[in-house]
Amino acid sequence: MHNLVIVVLFGALLCALHQCLECPSGCRCFADTRTVKCVSKDLRAIPQDIPGYTRNVIITGNNIFRIGSETFQELKNVTTIILSNNRITEVASHSFSTLSYLRSLDMSCNHLALIHPEALNIPGSPLKELNLSHSLYNYTSLTDLTTALRWGGLGGLHSLDLSGNRLVFLPPGMFSHLPSLQHLLLGNNSLASVYNGTFFGLRRLELLDLTRNSFRAFGSDALGELERLGQVPRILLSHNPYVCTCEIQDFAVWLKSSRAQVGDAEALTCASPWEFQDRPLQGLGVQVIGCHVTSPPLVGIRDEGDNLSLQTSYVLLGLVLGFVGMVFLFVLYLNRQGIKKWVVETRDACHDVLEGYQHRYEIDTDPRREYLSKDVRVEEKQPTNGSFGQAHSDNRLSQLPTDTCLVQIPSDTQLKPGSISVDL
(Lines give C-alpha, C1' and ligand atoms only; values in the text may rest on other atoms or scores of the structure.)
Protein backbone atom coordinates (compact mmCIF):
# COMPACT_ATOMS: atom_id res chain seq x y z
CA MET A 1 0.00 0.00 0.00
CA HIS A 2 2.81 2.35 0.88
CA ASN A 3 4.51 1.62 -2.43
CA LEU A 4 1.29 2.33 -4.33
CA VAL A 5 1.00 5.77 -2.77
CA ILE A 6 4.59 6.54 -3.71
CA VAL A 7 3.97 5.48 -7.30
CA VAL A 8 0.86 7.66 -7.56
CA LEU A 9 2.65 10.70 -6.16
CA PHE A 10 5.60 10.14 -8.45
CA GLY A 11 3.30 9.86 -11.45
CA ALA A 12 1.51 13.06 -10.50
CA LEU A 13 4.83 14.81 -10.15
CA LEU A 14 5.97 13.63 -13.58
CA CYS A 15 2.65 14.68 -15.10
CA ALA A 16 2.87 18.14 -13.57
CA LEU A 17 6.46 18.47 -14.72
CA HIS A 18 5.48 17.41 -18.24
CA GLN A 19 2.68 19.96 -18.31
CA CYS A 20 5.03 22.67 -17.13
CA LEU A 21 7.43 21.83 -19.91
CA GLU A 22 4.58 22.30 -22.42
CA CYS A 23 3.86 25.85 -21.23
CA PRO A 24 4.93 28.51 -23.80
CA SER A 25 7.95 30.65 -23.03
CA GLY A 26 7.08 33.72 -20.97
CA CYS A 27 3.56 32.45 -20.19
CA ARG A 28 2.06 30.92 -17.10
CA CYS A 29 0.03 27.72 -17.24
CA PHE A 30 -2.41 26.53 -14.59
CA ALA A 31 -3.31 22.90 -14.94
CA ASP A 32 -5.99 22.93 -12.27
CA THR A 33 -8.03 25.63 -14.06
CA ARG A 34 -6.73 24.71 -17.53
CA THR A 35 -5.69 28.33 -18.11
CA VAL A 36 -2.78 29.89 -19.98
CA LYS A 37 -1.81 33.52 -19.30
CA CYS A 38 0.56 35.58 -21.46
CA VAL A 39 0.34 39.10 -20.06
CA SER A 40 2.59 41.95 -21.28
CA LYS A 41 5.29 39.72 -22.77
CA ASP A 42 5.73 41.71 -26.00
CA LEU A 43 4.51 38.78 -28.07
CA ARG A 44 4.31 39.26 -31.83
CA ALA A 45 2.01 36.30 -32.44
CA ILE A 46 -0.14 33.82 -30.56
CA PRO A 47 2.11 31.03 -29.20
CA GLN A 48 1.71 27.75 -31.08
CA ASP A 49 2.80 25.47 -28.22
CA ILE A 50 -0.15 26.12 -25.90
CA PRO A 51 -1.07 22.88 -24.10
CA GLY A 52 -3.94 20.95 -25.60
CA TYR A 53 -5.78 20.73 -22.28
CA THR A 54 -6.23 24.53 -22.22
CA ARG A 55 -9.76 25.87 -21.95
CA ASN A 56 -9.05 29.51 -21.05
CA VAL A 57 -6.55 31.58 -23.07
CA ILE A 58 -5.65 35.02 -21.68
CA ILE A 59 -3.20 36.96 -23.87
CA THR A 60 -3.18 40.71 -23.18
CA GLY A 61 -0.82 43.68 -23.39
CA ASN A 62 1.22 42.44 -26.36
CA ASN A 63 1.90 43.49 -29.96
CA ILE A 64 -0.07 40.94 -31.94
CA PHE A 65 -1.27 42.63 -35.12
CA ARG A 66 -3.06 39.78 -36.90
CA ILE A 67 -5.31 36.85 -36.06
CA GLY A 68 -5.36 34.21 -38.81
CA SER A 69 -7.06 30.91 -39.52
CA GLU A 70 -3.98 29.04 -38.29
CA THR A 71 -3.75 30.84 -34.94
CA PHE A 72 -5.98 28.55 -32.85
CA GLN A 73 -5.99 25.52 -35.10
CA GLU A 74 -4.81 23.06 -32.42
CA LEU A 75 -6.89 24.38 -29.49
CA LYS A 76 -10.17 22.59 -29.98
CA ASN A 77 -11.13 22.54 -26.28
CA VAL A 78 -10.93 26.29 -25.66
CA THR A 79 -14.09 27.91 -24.26
CA THR A 80 -12.82 31.41 -23.37
CA ILE A 81 -10.37 33.66 -25.24
CA ILE A 82 -9.29 37.10 -24.00
CA LEU A 83 -7.19 39.08 -26.51
CA SER A 84 -7.63 42.59 -25.15
CA ASN A 85 -5.10 45.38 -25.57
CA ASN A 86 -2.92 43.62 -28.15
CA ARG A 87 -3.01 46.24 -30.95
CA ILE A 88 -4.75 43.79 -33.24
CA THR A 89 -5.59 45.38 -36.60
CA GLU A 90 -6.76 42.45 -38.72
CA VAL A 91 -8.97 39.42 -38.15
CA ALA A 92 -8.76 37.05 -41.11
CA SER A 93 -11.34 34.63 -42.47
CA HIS A 94 -12.29 31.66 -40.24
CA SER A 95 -9.92 32.75 -37.48
CA PHE A 96 -11.96 30.86 -34.87
CA SER A 97 -13.69 28.24 -37.03
CA THR A 98 -11.94 25.28 -35.32
CA LEU A 99 -13.06 26.32 -31.82
CA SER A 100 -16.31 24.42 -31.67
CA TYR A 101 -16.59 24.93 -27.87
CA LEU A 102 -15.82 28.66 -27.79
CA ARG A 103 -18.33 30.52 -25.61
CA SER A 104 -16.70 33.88 -24.86
CA LEU A 105 -14.46 36.05 -27.05
CA ASP A 106 -12.95 39.32 -25.80
CA MET A 107 -11.06 41.52 -28.30
CA SER A 108 -11.55 44.83 -26.53
CA CYS A 109 -9.06 47.71 -26.61
CA ASN A 110 -7.55 46.91 -30.00
CA HIS A 111 -7.31 48.73 -33.35
CA LEU A 112 -9.46 46.61 -35.64
CA ALA A 113 -9.28 48.09 -39.13
CA LEU A 114 -9.94 44.99 -41.24
CA ILE A 115 -12.52 42.37 -40.28
CA HIS A 116 -13.19 39.63 -42.81
CA PRO A 117 -16.91 38.89 -43.42
CA GLU A 118 -16.39 35.32 -42.17
CA ALA A 119 -13.95 36.15 -39.40
CA LEU A 120 -16.44 35.17 -36.68
CA ASN A 121 -17.91 32.19 -38.47
CA ILE A 122 -17.90 29.12 -36.20
CA PRO A 123 -19.86 25.99 -37.16
CA GLY A 124 -22.71 25.37 -34.78
CA SER A 125 -22.82 28.99 -33.50
CA PRO A 126 -21.39 28.19 -30.04
CA LEU A 127 -20.32 31.81 -29.29
CA LYS A 128 -22.42 33.45 -26.56
CA GLU A 129 -20.45 36.57 -25.57
CA LEU A 130 -18.57 38.96 -27.87
CA ASN A 131 -16.73 41.98 -26.48
CA LEU A 132 -15.50 44.53 -29.05
CA SER A 133 -15.48 47.61 -26.83
CA HIS A 134 -12.86 50.27 -27.67
CA SER A 135 -11.75 48.21 -30.68
CA LEU A 136 -13.14 49.63 -33.93
CA TYR A 137 -10.54 51.82 -35.61
CA ASN A 138 -12.74 53.81 -38.04
CA TYR A 139 -16.04 53.80 -39.92
CA THR A 140 -14.73 51.22 -42.41
CA SER A 141 -14.25 48.75 -39.58
CA LEU A 142 -17.89 49.35 -38.56
CA THR A 143 -18.95 48.41 -42.09
CA ASP A 144 -16.80 45.28 -41.91
CA LEU A 145 -18.29 44.38 -38.53
CA THR A 146 -21.83 44.80 -39.86
CA THR A 147 -21.05 42.38 -42.67
CA ALA A 148 -19.36 39.96 -40.23
CA LEU A 149 -22.43 39.99 -37.96
CA ARG A 150 -24.63 39.12 -40.92
CA TRP A 151 -22.41 36.39 -42.37
CA GLY A 152 -20.82 35.11 -39.17
CA GLY A 153 -23.54 32.66 -38.22
CA LEU A 154 -23.93 34.19 -34.75
CA GLY A 155 -27.47 33.04 -34.20
CA GLY A 156 -26.67 31.92 -30.65
CA LEU A 157 -24.98 35.13 -29.48
CA HIS A 158 -26.40 36.46 -26.19
CA SER A 159 -24.22 39.50 -25.40
CA LEU A 160 -22.58 42.07 -27.68
CA ASP A 161 -20.48 44.93 -26.32
CA LEU A 162 -19.74 47.80 -28.75
CA SER A 163 -19.22 50.54 -26.17
CA GLY A 164 -16.48 53.14 -26.51
CA ASN A 165 -16.08 52.95 -30.30
CA ARG A 166 -17.00 56.57 -31.19
CA LEU A 167 -19.96 55.32 -33.22
CA VAL A 168 -22.08 58.09 -34.75
CA PHE A 169 -24.43 55.92 -36.80
CA LEU A 170 -25.86 52.41 -36.66
CA PRO A 171 -26.79 50.91 -40.06
CA PRO A 172 -30.43 49.75 -40.23
CA GLY A 173 -30.71 46.01 -39.77
CA MET A 174 -27.22 45.73 -38.30
CA PHE A 175 -28.45 43.32 -35.61
CA SER A 176 -31.13 41.58 -37.66
CA HIS A 177 -29.12 38.33 -37.81
CA LEU A 178 -28.75 38.10 -34.02
CA PRO A 179 -32.17 36.72 -32.99
CA SER A 180 -30.92 35.40 -29.62
CA LEU A 181 -29.22 38.63 -28.51
CA GLN A 182 -30.15 39.60 -24.94
CA HIS A 183 -27.65 42.31 -23.97
CA LEU A 184 -26.64 45.09 -26.37
CA LEU A 185 -24.17 47.60 -24.94
CA LEU A 186 -23.77 50.81 -26.99
CA GLY A 187 -22.70 53.20 -24.24
CA ASN A 188 -19.90 55.77 -24.45
CA ASN A 189 -20.25 56.41 -28.18
CA SER A 190 -21.33 59.44 -30.24
CA LEU A 191 -24.78 58.31 -31.29
CA ALA A 192 -27.16 61.21 -31.85
CA SER A 193 -30.25 59.52 -33.26
CA VAL A 194 -32.00 56.18 -33.74
CA TYR A 195 -33.62 55.39 -37.08
CA ASN A 196 -36.32 52.99 -38.19
CA GLY A 197 -34.98 49.46 -38.43
CA THR A 198 -31.96 50.01 -36.20
CA PHE A 199 -33.01 47.31 -33.73
CA PHE A 200 -34.96 45.19 -36.17
CA GLY A 201 -34.90 41.46 -35.35
CA LEU A 202 -34.04 41.80 -31.63
CA ARG A 203 -36.94 39.74 -30.26
CA ARG A 204 -35.25 38.58 -27.04
CA LEU A 205 -33.45 41.73 -25.99
CA GLU A 206 -33.35 42.25 -22.23
CA LEU A 207 -30.87 45.14 -21.85
CA LEU A 208 -30.14 48.08 -24.14
CA ASP A 209 -27.45 50.51 -22.99
CA LEU A 210 -27.45 53.93 -24.72
CA THR A 211 -25.79 55.91 -21.93
CA ARG A 212 -23.04 58.49 -22.48
CA ASN A 213 -23.84 59.26 -26.11
CA SER A 214 -24.83 62.46 -27.92
CA PHE A 215 -28.62 62.25 -27.81
CA ARG A 216 -30.18 65.72 -27.51
CA ALA A 217 -33.72 64.42 -27.85
CA PHE A 218 -35.65 61.45 -29.22
CA GLY A 219 -37.96 62.12 -32.14
CA SER A 220 -41.04 60.14 -33.12
CA ASP A 221 -39.02 57.69 -35.24
CA ALA A 222 -36.59 56.93 -32.41
CA LEU A 223 -39.37 56.58 -29.84
CA GLY A 224 -41.29 54.30 -32.17
CA GLU A 225 -38.20 52.11 -32.57
CA LEU A 226 -37.76 51.88 -28.79
CA GLU A 227 -41.45 51.17 -28.34
CA ARG A 228 -41.27 48.20 -30.72
CA LEU A 229 -38.83 46.50 -28.36
CA GLY A 230 -41.79 45.84 -26.03
CA GLN A 231 -42.01 45.66 -22.25
CA VAL A 232 -39.17 43.23 -21.62
CA PRO A 233 -36.03 45.28 -22.40
CA ARG A 234 -34.45 47.45 -19.76
CA ILE A 235 -33.30 50.62 -21.50
CA LEU A 236 -30.58 52.89 -20.11
CA LEU A 237 -30.58 56.49 -21.42
CA SER A 238 -28.76 58.58 -18.82
CA HIS A 239 -25.71 60.87 -19.23
CA ASN A 240 -26.79 62.34 -22.55
CA PRO A 241 -26.82 66.09 -23.34
CA TYR A 242 -30.58 66.53 -23.49
CA VAL A 243 -31.78 69.95 -24.68
CA CYS A 244 -34.99 70.83 -22.87
CA THR A 245 -36.82 72.83 -25.52
CA CYS A 246 -40.08 72.19 -27.34
CA GLU A 247 -38.39 69.45 -29.36
CA ILE A 248 -38.12 67.26 -26.27
CA GLN A 249 -41.80 67.30 -25.40
CA ASP A 250 -42.48 63.99 -27.20
CA PHE A 251 -39.69 62.35 -25.21
CA ALA A 252 -40.93 63.79 -21.92
CA VAL A 253 -44.44 62.50 -22.52
CA TRP A 254 -43.10 59.13 -23.65
CA LEU A 255 -41.16 58.69 -20.39
CA LYS A 256 -44.42 58.94 -18.46
CA SER A 257 -46.68 56.85 -20.69
CA SER A 258 -44.39 54.32 -22.35
CA ARG A 259 -44.59 50.63 -21.59
CA ALA A 260 -40.81 50.30 -22.03
CA GLN A 261 -38.74 50.01 -18.86
CA VAL A 262 -36.31 52.94 -18.64
CA GLY A 263 -34.07 51.73 -15.85
CA ASP A 264 -32.43 55.09 -15.18
CA ALA A 265 -35.38 57.42 -15.81
CA GLU A 266 -34.72 59.29 -12.56
CA ALA A 267 -31.18 60.09 -13.70
CA LEU A 268 -32.26 61.77 -16.94
CA THR A 269 -31.57 65.50 -16.63
CA CYS A 270 -31.41 68.54 -18.88
CA ALA A 271 -28.02 69.75 -20.06
CA SER A 272 -29.31 72.98 -21.63
CA PRO A 273 -30.59 75.69 -21.68
CA TRP A 274 -29.05 77.01 -18.52
CA GLU A 275 -32.37 77.71 -16.77
CA PHE A 276 -33.24 74.00 -16.96
CA GLN A 277 -29.76 72.62 -16.39
CA ASP A 278 -29.66 69.49 -14.18
CA ARG A 279 -33.45 69.46 -13.97
CA PRO A 280 -35.03 65.95 -14.13
CA LEU A 281 -36.89 65.19 -17.34
CA GLN A 282 -39.59 63.27 -15.51
CA GLY A 283 -40.93 66.36 -13.77
CA LEU A 284 -40.56 68.56 -16.83
CA GLY A 285 -43.95 69.30 -18.34
CA VAL A 286 -44.61 70.91 -21.67
CA GLN A 287 -46.15 73.93 -19.93
CA VAL A 288 -42.93 74.48 -17.97
CA ILE A 289 -40.80 74.83 -21.08
CA GLY A 290 -43.41 77.07 -22.75
CA CYS A 291 -44.89 74.63 -25.27
CA HIS A 292 -48.59 74.19 -25.90
CA VAL A 293 -49.83 70.81 -26.98
CA THR A 294 -53.23 70.54 -28.61
CA SER A 295 -53.08 66.79 -29.11
CA PRO A 296 -50.93 64.01 -27.69
CA PRO A 297 -47.79 63.21 -29.66
CA LEU A 298 -47.89 60.27 -31.99
CA VAL A 299 -45.53 57.58 -30.82
CA GLY A 300 -45.18 54.13 -32.24
CA ILE A 301 -47.13 54.79 -35.43
CA ARG A 302 -48.14 51.62 -37.14
CA ASP A 303 -46.89 50.64 -40.54
CA GLU A 304 -50.37 50.98 -42.00
CA GLY A 305 -50.46 54.63 -40.96
CA ASP A 306 -47.07 55.21 -42.55
CA ASN A 307 -48.24 53.67 -45.80
CA LEU A 308 -51.41 55.78 -45.77
CA SER A 309 -49.40 58.96 -45.25
CA LEU A 310 -47.09 57.98 -48.10
CA GLN A 311 -50.02 57.35 -50.44
CA THR A 312 -51.55 60.70 -49.49
CA SER A 313 -48.27 62.42 -50.34
CA TYR A 314 -48.21 60.75 -53.76
CA VAL A 315 -51.80 61.86 -54.45
CA LEU A 316 -50.99 65.46 -53.52
CA LEU A 317 -47.89 65.37 -55.71
CA GLY A 318 -49.97 64.12 -58.64
CA LEU A 319 -52.54 66.89 -58.16
CA VAL A 320 -49.84 69.56 -58.08
CA LEU A 321 -48.19 68.23 -61.24
CA GLY A 322 -51.58 68.04 -62.99
CA PHE A 323 -52.37 71.65 -62.05
CA VAL A 324 -48.98 72.82 -63.36
CA GLY A 325 -49.64 70.98 -66.64
CA MET A 326 -53.03 72.61 -67.04
CA VAL A 327 -51.56 76.07 -66.45
CA PHE A 328 -48.88 75.39 -69.07
CA LEU A 329 -51.45 74.30 -71.67
CA PHE A 330 -53.61 77.37 -70.91
CA VAL A 331 -50.63 79.68 -71.48
CA LEU A 332 -49.94 77.99 -74.80
CA TYR A 333 -53.57 78.47 -75.81
CA LEU A 334 -53.52 82.19 -75.02
CA ASN A 335 -50.37 82.69 -77.10
CA ARG A 336 -51.43 80.48 -80.00
CA GLN A 337 -51.36 83.36 -82.56
CA GLY A 338 -47.89 84.44 -81.56
CA ILE A 339 -46.67 80.87 -81.61
CA LYS A 340 -48.20 80.32 -85.07
CA LYS A 341 -46.57 83.52 -86.40
CA TRP A 342 -43.20 82.45 -85.00
CA VAL A 343 -43.51 79.03 -86.64
CA VAL A 344 -44.37 80.58 -90.04
CA GLU A 345 -41.48 83.05 -89.86
CA THR A 346 -39.08 80.31 -88.92
CA ARG A 347 -40.32 78.17 -91.79
CA ASP A 348 -39.95 81.01 -94.35
CA ALA A 349 -36.46 81.82 -93.13
CA CYS A 350 -35.42 78.20 -93.44
CA HIS A 351 -37.01 78.05 -96.94
CA ASP A 352 -35.01 81.08 -98.14
CA VAL A 353 -31.79 79.63 -96.83
CA LEU A 354 -32.46 76.29 -98.54
CA GLU A 355 -33.28 78.03 -101.85
CA GLY A 356 -29.96 79.86 -101.70
CA TYR A 357 -28.11 76.60 -101.16
CA GLN A 358 -30.05 75.00 -104.07
CA HIS A 359 -29.18 77.85 -106.47
CA ARG A 360 -25.52 77.68 -105.51
CA TYR A 361 -25.53 73.93 -106.04
CA GLU A 362 -27.02 74.25 -109.53
CA ILE A 363 -24.36 76.79 -110.56
CA ASP A 364 -21.50 74.66 -109.21
CA THR A 365 -22.74 71.50 -110.99
CA ASP A 366 -23.39 73.11 -114.45
CA PRO A 367 -21.22 71.15 -117.07
CA ARG A 368 -20.70 74.27 -119.21
CA ARG A 369 -18.90 75.87 -116.31
CA GLU A 370 -16.42 72.96 -116.37
CA TYR A 371 -15.72 73.26 -120.15
CA LEU A 372 -15.32 77.01 -119.88
CA SER A 373 -12.75 76.71 -117.14
CA LYS A 374 -10.78 74.14 -119.17
CA ASP A 375 -10.73 76.38 -122.28
CA VAL A 376 -9.49 79.33 -120.34
CA ARG A 377 -6.57 77.31 -118.98
CA VAL A 378 -5.65 75.97 -122.44
CA GLU A 379 -5.68 79.43 -124.05
CA GLU A 380 -3.34 80.74 -121.42
CA LYS A 381 -0.75 78.01 -122.21
CA GLN A 382 -0.83 77.67 -126.11
CA PRO A 383 0.78 80.11 -128.71
CA THR A 384 -1.53 82.28 -130.88
CA ASN A 385 -0.75 81.02 -134.48
CA GLY A 386 -3.51 80.66 -137.00
CA SER A 387 -3.46 77.01 -137.93
CA PHE A 388 -3.10 75.66 -134.45
CA GLY A 389 -5.76 78.07 -133.17
CA GLN A 390 -8.16 76.95 -135.89
CA ALA A 391 -7.66 73.29 -135.01
CA HIS A 392 -8.03 73.97 -131.39
CA SER A 393 -11.23 75.90 -132.02
CA ASP A 394 -12.62 72.98 -133.97
CA ASN A 395 -11.74 70.68 -131.12
CA ARG A 396 -13.61 72.92 -128.66
CA LEU A 397 -16.60 73.02 -130.93
CA SER A 398 -16.76 69.27 -131.02
CA GLN A 399 -16.76 69.14 -127.23
CA LEU A 400 -19.66 71.55 -126.71
CA PRO A 401 -23.15 70.16 -126.16
CA THR A 402 -25.33 69.72 -129.21
CA ASP A 403 -27.88 72.25 -128.11
CA THR A 404 -25.37 75.14 -127.99
CA CYS A 405 -26.06 77.99 -130.49
CA LEU A 406 -22.89 79.35 -132.20
CA VAL A 407 -22.51 82.47 -134.33
CA GLN A 408 -19.43 82.74 -136.59
CA ILE A 409 -18.21 86.23 -137.36
CA PRO A 410 -15.72 86.91 -140.18
CA SER A 411 -12.32 87.97 -139.09
CA ASP A 412 -12.27 91.10 -141.27
CA THR A 413 -15.51 92.43 -139.91
CA GLN A 414 -15.44 95.15 -137.34
CA LEU A 415 -18.02 94.87 -134.65
CA LYS A 416 -19.66 97.74 -132.99
CA PRO A 417 -21.69 97.59 -129.91
CA GLY A 418 -25.30 96.90 -130.68
CA SER A 419 -24.68 96.24 -134.47
CA ILE A 420 -25.40 92.49 -134.46
CA SER A 421 -28.79 90.89 -134.10
CA VAL A 422 -29.56 87.22 -134.28
CA ASP A 423 -32.97 85.94 -135.28
CA LEU A 424 -33.84 82.47 -134.13
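The values are calculated or read from the model by the stated rules, or taken from the named source; none is laboratory data. Please read all numbers here as calculations on a predicted model, not as lab measurements. Note that we place each Cβ from the backbone using ideal geometry, even for glycine, and neighbour counts take in every protein chain shown. Each accessible area value is taken on the protein alone, full model and side chains, heavy atoms only, with ligands, DNA and RNA left out. Shrake-Rupley method; radii C 1.70, N 1.55, O 1.52, S 1.80 Å.
Below are the figures for this structure:
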| read-out | value |
| --- | --- |
| Identity of the residue in segment 308-340, of a type in the set (V, I, T) and within 32 Å of the chain's Cα centre (by Cα), that ends up most open to solvent (accessible area, probe 1.4 Å) | V315 |
| Top-ranked residue in segment 181-190 [being surrounded by fewer than 21 Cβ atoms within 10 Å (Cβ to Cβ) and in contact with a His (Cβ under 8 Å, 6 or more places away or on another chain); ranked as farthest from S238 (Cα to Cα)] | Q182 |
| Pairs, first closer than 17 Å to L149 by Cβ and among the basic types (K, R) in segment 184-203, second modelled with pLDDT under 90 and in a loop (DSSP other than H, G, I, E, B), C-beta under 9 Å, six or more apart | R203/G230 |
| Condition met for K76 (surrounded by fewer than 16 Cβ atoms within 10 Å (Cβ to Cβ) and assigned to a loop (DSSP other than H, G, I, E, B)) | yes |
| Residue list for segment 164-175, restricted to those being surrounded by fewer than 20 Cβ atoms within 10 Å (Cβ to Cβ) and under 17 Å from N131 (Cα atoms) | G164, R166, L167 |
| Number of the exception - V8 against (1) surrounded by fewer than 18 Cβ atoms within 10 Å (Cβ to Cβ); (2) β-branched (V, I, T); (3) modelled with pLDDT of 95 or more | (3) |
| Residue in segment 214-222 that is of a type in the set (D, E), open to solvent by 10 Å² or more (accessible area, probe 1.4 Å) and over 24 Å from the mean Cα position of the chain (by Cα) present | no |
| Segment 286-323: number of residues that are at pLDDT below 65 and under 16 Å from T245 (Cβ atoms) | 8 |
| Residue among L178, L149, L208, L145 that is in contact (Cβ under 8 Å) with a residue 24 or more places away in the chain, assigned to a loop (DSSP other than H, G, I, E, B) and crowded, with 17+ Cβ neighbours inside 10 Å | L178 |
| Set Q231, Q249: member being surrounded by 18 or more Cβ atoms within 10 Å (Cβ to Cβ), at pLDDT below 90 and more than 12 Å from Q282 (Cβ to Cβ) | Q249 |
| Unmet criterion (only one of (1) among the β-branched types (V, I, T); (2) open to solvent by 10 Å² or more (accessible area, probe 1.4 Å); (3) within 26 Å of L205 (Cα to Cα)) for I81 | (2) |
| Residue in segment 84-99 that is more than 31 Å from the chain's Cα centre (by Cα), under 30 Å from Q182 (Cβ atoms) and open to solvent by 40 Å² or more (accessible area, probe 1.4 Å) present | yes |
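Matching residues to (1) farther than 24 Å from E247 by Cβ; (2) basic (K, R); (3) not in a loop (DSSP other than H, G, I, E, B):
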| position | (1), (2), (3) |
| --- | --- |
| V168 | no, no, no |
| P171 | yes, no, no |
| G187 | no, no, no |
| S190 | no, no, no |
| Y195 | no, no, no |
| T198 | no, no, no |
| R203 | yes, yes, no |
